[in-house]
Amino acid sequence: MKVLKFGGTSVGSAENIQRVKEILMSQDDDMIVVVSALGGITDKILSAARMAAIGTGYFQAELTEINTRHFEMVGKLFGGEQQTLVKEKVQVLLEELERIVHGVSLIGELTPKTLDKIVGFGERLSSFIISEYIPSAQWFDTSKLIRTNSDFGKAVVNFEQTNQLIREAFASFSGIAIVPGFISSNETGDYTTLGRGGSDYTGAILAAATDASVLEIWTDVNGFMTADPRVISKAYTIKTLSYSEAMELSHFGAKVIYPPTILPVYQKSIPVRIKNTMEPDAEGTLITASKLNGKDLPIKGISSISNITLITLQGLGMVGVTGISARLFGALARQNINVVLISQASSENSISFAIDSVSSSKAEVAIREEFEREIKLDQINKVTIEDNLAIVAIVGENMKHATGVAGKLFHTIGRNGINIIAIAQGASELNISWVVKVSDLRKTLNVVHESFFLSQNVELNVFLLGIGLVGGNLLEQIKLQQPKLLKEKHLKIKLAGVANSKKMLFNREGIDIATFREKLSSDGQASGLEEFKNEIIKLNMYNSIFVDCTANDKAAGLYAELLNANVSIVTANKVAASSGYENYALLKKTAKQKGAKFLFETNVGAGLPIINTLNDLVNSGDTILKIEAVLSGTLNFIFNTISETVPLSQTIRMAKEQGYAEPDPRIDLSGVDVARKLLILVRESGYQFDMKDIKINTFIPEKYFEGSVDDFWKNIPEMDAEFEANRKKLAAEGRFWRFVARFNEGKAEIGLQEISAGHPFADLQGSNNLVMFTTERYNDFPMIIKGYGAGAAVTAAGVFADIIRVSNI
């Protein structure tokens, strides 16, 4: 014998009832089939009854809708004479319902006893219709089989009598039995109901009484999911659960079954399978007795409850006083307030508990009345009410005796800037629960789900500012490299937001890099730095990275607030790292405190691993004694290109045309960019330095930096003859020009220097950069890093490397 239960959605339409028929006809076992009311009908019946009780005539419209719904269902399922016969019997039940509701309107009272009789009509109607539709099916009245006490609305089952009645009814039965869920009766034959989850409970009672081989609960989902799929798009069906795991997940919001309903089958060790009526071939979830499996993940699922209020009772007068907890929870119980979570300090100085927010005012009044004396005497000095909270729980029997689960959990949550307000864990180690703000719920669920269920794949959410040469190259590199990263590194980089100077676009599920420009143009909203930052913080996504591919001073001003919101920063923009030392130090400190990253490898040497190598030297205990570097790809290109036939002014124009120089090349020629780079290296070496501490020796007279860019281009050829004469002299001596940055003995200086042929700087080609670190360990032979130091592609590659580095937090 099998027991199958079909919920309201499963029988909510003629198409779905046809699916039920197909499911039943495909099986060979004897079956008891429990059905709920047609989807939405129970609410309609309740609404009609309550309208009638308050004297409004609007209940008649609800009854009309109930009648129409059932007659339409019969019309779709049956034809000919059978349709007429079924409609006649349905009409009898509907007329009985109307008489009772009309009676309620006359007396203006709706007692629990009357309500129980009314509210069960939905199951009586649906089960009769389905029993007529399924070939050879036989209808049984569960109100004659399940015996309860007279607690109308939440009747308690008398299992001794119920089991005897069920066994007698099905002793010699074979075939398909259709029964209404939810309804039962007391000793005198009055209708009672089994309360919330009543149809599931009916199925469990029948399964236990008949020693069924399995209880199948057919619903509109594929079983228990690792998390709420409406929040976690990557959630998947859990194949197996223990009874305890299923009850824990259901208690904390996974509304697949109602926890008490599985108690009868749990006591008989009857397996429960959750199946999807719309996808009958899906495996679903099998719930059985506990079988610890070392191969399973430590947790099976994540569940949550919103609309939670946390109440904290605090005071030194509680310490060592017996009975405080008993009085507290007794006062709540007298008000029928259910406590969802309890957390108490071992010092006994405070006790916190979570309840449904609907009951918060009632709970506060009850507590203040119960502890009125202690509050007056200041023995209890705080009754704190915190609203807009949610409880999140991870559940899994494999957590038992598994070390590191809690550590991994709270490290993951903290790293993403989520504050935990209260924690509770039982000694059974089956469940760890914690309280967070509702605004952090989605982010919490995502980071925990990724950490425990998708730990092989790390997902980074990128918000890109600037889609010019560097930003565009970056996205192209991510698009090309993504399949390999996912396959080999289990890393997925998702473009969650993108902005240029005019528009910005966001998508929590990710923006297709292949079409992002078109989407930004057609769907983007008006852009602004503050608006872009605010939306990133508002989205509150896990593993968020703000990528700055601009040279915008104001963009760098966003970093502090983003880091405070636990958003990592990857930037090609030198402004922040070369700003005032206090700001630089604050950004570094904030990143460390928040567990975020502030990475700017491309600020010096584009894609060369200069800053990262420098960090490794310092972090491993080495001391930087001297820095010598050629750090401007633009200037190095100019001094490598200048010749007898290519004068200075022409090389500057070539540098601009080939993308090495800024639109206003005076920015590069001034040496300020090199000074910023040297400043960053000195700071990363552990020295407290500012721009004013660097001596800048320019090689272009000051007058050429005055006026407009057009003035510069007009006047700069005046320098060609002088430079050519000096170049010839140098060439005759076998020497070269290099614009060198140097830090030594606490002093920093930049300027044009003459380099001999044997110097490491001498053979630098094109726009290459070179850095030499002289340290305590690399003293006789300095460490040299050399390579391309300019260009959009290599800069984008450096930014890309920093993004990947964030995933290694």
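The values are calculated or read from the model by the stated rules, or taken from the named source; none is laboratory data. Treat the numbers as computed from the prediction; the structure is a model and nothing was measured. Every residue, glycine among them, receives a Cβ derived from its backbone with ideal geometry; neighbour counts consider all protein chains shown. Ligands, DNA and RNA are excluded from the accessible area calculation, which covers all protein heavy atoms including side chains. Shrake-Rupley method; radii C 1.70, N 1.55, O 1.52, S 1.80 Å.
Go through (1) in a helix (DSSP H, G or I); (2) within 26 Å of LEU249 (Cα to Cα); (3) touching a helix residue (DSSP H, G or I) at 6+ places or on another chain (Cβ under 9 Å) for GLY330 and report which single condition fails.
(2)
Only residues that are more than 13 Å from GLY605 (Cα to Cα) and either basic (Lys, Arg) or touching a strand residue (DSSP E or B) at 6+ places or on another chain (Cβ under 7 Å) (or both): list them for region 780-795, please.
PRO782, MET783
Quick grid of which residues meet (1) assigned to a helix (DSSP H, G or I); (2) under 21 Å from GLY197 (Cα atoms); (3) in contact (Cβ under 8 Å) with a residue 60 or more places away in the chain; (4) of a type in the set (S, T, N, Q):
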site: ASN16; (1), (2), (3), (4): yes, yes, yes, yes
site: ASP28; (1), (2), (3), (4): no, no, no, no
site: ILE66; (1), (2), (3), (4): yes, no, no, no
site: PHE71; (1), (2), (3), (4): yes, no, no, no
site: GLU81; (1), (2), (3), (4): yes, no, no, no
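From ASN457, ASN398, grab the single residue that is polar (S, T, N, Q) and open to solvent by 50 Å² or more (accessible area, probe 1.4 Å).
ASN457
I need a count of the residues in region 777-796 that are part of a loop (DSSP other than H, G, I, E, B) and either buried (at least 16 other Cβ atoms within 10 Å of the Cβ) or within 44 Å of the chain's Cα centre (by Cα) (or both).
Residues meeting the conditions: 5.
How many residues does region 132-142 contain that are of a type in the set (S, T, N, Q) and touching a residue at least 60 places away in the same chain (Cβ under 8 Å)?
Qualifying residue count, region 132-142: 1.
State which residue is nearest to the chain's Cα centre (by Cα) when the search covers only region 467-503 and only residues that are within 25 Å of GLU662 (Cα to Cα) and open to solvent by less than 10 Å² (accessible area, probe 1.4 Å).
VAL498
What helices (runs of 4 or more DSSP H), lying completely within region 638-734, carry at least 2 residues that are open to solvent by less than 20 Å² (accessible area, probe 1.4 Å) and in contact with a helix residue (DSSP H, G or I) (Cβ under 8 Å, 6 or more places away or on another chain)?
Counting at least 2 such residues, we get 648-657, 666-669, 672-684.
Between ASN552, ASN583, which is at pLDDT 95 or above and open to solvent by 10 Å² or more (accessible area, probe 1.4 Å)?
The match here is ASN583.
List the pairs whose first member sits in region 655-677 and is among the β-branched types (Val, Ile, Thr), whose second member is buried (at least 18 other Cβ atoms within 10 Å of the Cβ) and part of a loop (DSSP other than H, G, I, E, B), and whose Cβ atoms are under 6 Å apart, counting only residues at least 6 apart or on separate chains?
From region 655-677, the pairs are VAL674/LEU631; VAL674/SER632.
Condition test on ALA354, is it closer than 27 Å to ILE394 by Cβ and of a type outside the set (Ser, Thr, Tyr)?
yes
Has region 163-173 got any residue that is touching a strand residue (DSSP E or B) at 6+ places or on another chain (Cβ under 7 Å), in contact (Cβ under 8 Å) with a residue 24 or more places away in the chain and of a type outside the set (Phe, Trp, Tyr)?
no
Quick check: anything in region 735-749 surrounded by 12 or more Cβ atoms within 10 Å (Cβ to Cβ), among the acidic types (Asp, Glu) and free of Cβ contacts under 8 Å to residues at least 12 places away in the same chain?
For region 735-749, residues surrounded by 12 or more Cβ atoms within 10 Å (Cβ to Cβ), among the acidic types (Asp, Glu) and free of Cβ contacts under 8 Å to residues at least 12 places away in the same chain: absent.
Got at least one residue in region 299-306 being assigned to a loop (DSSP other than H, G, I, E, B), more than 23 Å from ILE355 (Cα to Cα) and under 24 Å from the mean Cα position of the chain (by Cα)?
yes
Report, by residue number, each residue of region 443-495 that is part of a helix (DSSP H, G or I) and charged (D, E, K, R).
LYS443, GLU450, GLU476, LYS479, LYS484, LYS487, GLU488, LYS489
Tell me the residue from ILE380, ILE287 that is open to solvent by less than 30 Å² (accessible area, probe 1.4 Å), modelled with pLDDT under 95 and touching a Pro at 6+ places or on another chain (Cβ under 7 Å), please.
Exactly one residue qualifies, and that residue is ILE287.
Determine whether THR403 is open to solvent by 30 Å² or more (accessible area, probe 1.4 Å), without any contact (Cβ under 8 Å) to a residue 12 or more places away in the chain, more than 28 Å from LEU249 (Cα to Cα) and not in a strand (DSSP E or B).
No.
When you scan region 557-577, how many residues do you find that are open to solvent by 10 Å² or more (accessible area, probe 1.4 Å) and in contact with a helix residue (DSSP H, G or I) (Cβ under 7 Å, 6 or more places away or on another chain)?
Total meeting the criteria: 8.
Of the numbered conditions (1) under 46 Å from the mean Cα position of the chain (by Cα); (2) open to solvent by less than 20 Å² (accessible area, probe 1.4 Å), ASN186 fails exactly one; give the number of that condition.
All conditions are met except number (1).
Looking at this structure, is ASN534 surrounded by fewer than 17 Cβ atoms within 10 Å (Cβ to Cβ), modelled with pLDDT of 95 or more and not β-branched (Val, Ile, Thr)?
So ASN534 fits the description; yes.
Look at ASP30 and say whether it is over 29 Å from THR114 (Cβ atoms) and open to solvent by 40 Å² or more (accessible area, probe 1.4 Å).
Answer is yes for this residue.
Pairs only if they're at least six apart or on different chains, beta carbon under 7 angstrom, first in region 143-161 and part of a loop (DSSP other than H, G, I, E, B), second of a type in the set (D, E, K, R) and open to solvent by 70 Å² or more (accessible area, probe 1.4 Å); list them, first residue then second.
Close Cβ pairs satisfying both conditions: PHE152/LYS113.
Is there a residue in region 498-514 that is out of contact with any Ser or Thr (no Cβ under 8 Å at 6 or more places or on another chain) and assigned to a helix (DSSP H, G or I)?
Scanning region 498-514, I find at least one residue that is out of contact with any Ser or Thr (no Cβ under 8 Å at 6 or more places or on another chain) and assigned to a helix (DSSP H, G or I), so the answer is yes.
Going residue by residue through region 754-762, is there one that turns out to be over 55 Å from the mean Cα position of the chain (by Cα), part of a strand (DSSP E or B) and either crowded, with 18+ Cβ neighbours inside 10 Å or among the basic types (Lys, Arg) (or both)?
yes
Under 31 Å from the mean Cα position of the chain (by Cα) and within 20 Å of GLY471 (Cβ to Cβ), is that true of GLU561?
Considered against the rule, which asks whether it is under 31 Å from the mean Cα position of the chain (by Cα) and within 20 Å of GLY471 (Cβ to Cβ), GLU561 comes out as no.
Which of the numbered conditions does ILE642 fail, given that it passes all the others? Conditions: (1) under 21 Å from ASN583 (Cα atoms); (2) among the β-branched types (Val, Ile, Thr); (3) in contact with a Lys or Arg (Cβ under 7 Å, 6 or more places away or on another chain).
(1)
Residue-by-condition table, conditions (1) closer than 20 Å to ILE32 by Cα; (2) of a type in the set (A, V, I, L, M, F, W, C):
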| position | (1), (2) |
| --- | --- |
| SER150 | no, no |
| PHE170 | yes, yes |
| GLY181 | yes, no |
| THR202 | yes, no |
| ILE205 | yes, yes |
| ALA209 | yes, yes |
| VAL221 | no, yes |
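Pick from GLY120, GLY153: which is under 19 Å from LEU46 (Cβ atoms) and open to solvent by 10 Å² or more (accessible area, probe 1.4 Å)?
Answer to the selection: GLY153.
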